[in-house]
Amino acid sequence: MAWAETFHCDVCNKEKREEAEDWWRAWKETLSPAEGEREQAVIKMTPWHGFLAHSADVRHLCGRAVCTPSWIAGCSRSSALAALF
């Protein structure tokens, strides 16, 4: 029995098709500038890889010209950053 999984863009809800090559994965990590200083959020993005897209903290972004910039713009507001993850 075969199973199918689907991924959707976390901005526009577009479904990822098998042949689509312009998709991205994004996630947040934290980085401390120096010992004892407050940690800062770091956003990382990489091209799509299906095996790496399953983590609960990974966001899926399609290649539409508005989705990735919109998502990053939302992350630039510190209060919005926590809500995105």
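The numbers here are math on the coordinates, done by the rules we state, and not lab data. Remember, it's a predicted structure, so these values are computed and weren't measured experimentally. A quick note on method: Cβ atoms are made from the backbone with ideal geometry, for glycine too, and the neighbour counts reach across all protein chains shown.
Observations on the structure shown:
- Value of [θ]222 nm, deg cm²/dmol, for the chain, DSSP H segments ≥ 4, -39500 (n - 2.57) each, nearest 500: -5000 deg cm²/dmol
- Counting only trypsin sites (Lys or Arg not before Pro) that DSSP places in a loop and that have at most 16 other Cβ atoms within 10 Å, the longest clean stretch of the chain runs over 39-63.
- Chymotrypsin sites (Phe, Trp or Tyr not before Pro) lying in DSSP loop within region 1-57, provided at most 16 other Cβ fall within 10 Å: 3
- Extension gain, residue 15 to residue 57, is 13.3 nm, computed as 0.36 nm per intervening residue step minus the present C-alpha separation.
- All-pairs Cα distance distribution in the chain, expressed in whole percent, bin size 5 Å: 3, 13, 24, 22, 16, 10, 6, 4, 2, 1, 0
- In a DSSP loop and with at most 14 other Cβ atoms within 10 Å, the GluC sites (Glu not before Pro) in region 1-59 are 5, 18, 19, 21, 35, 37, 39.
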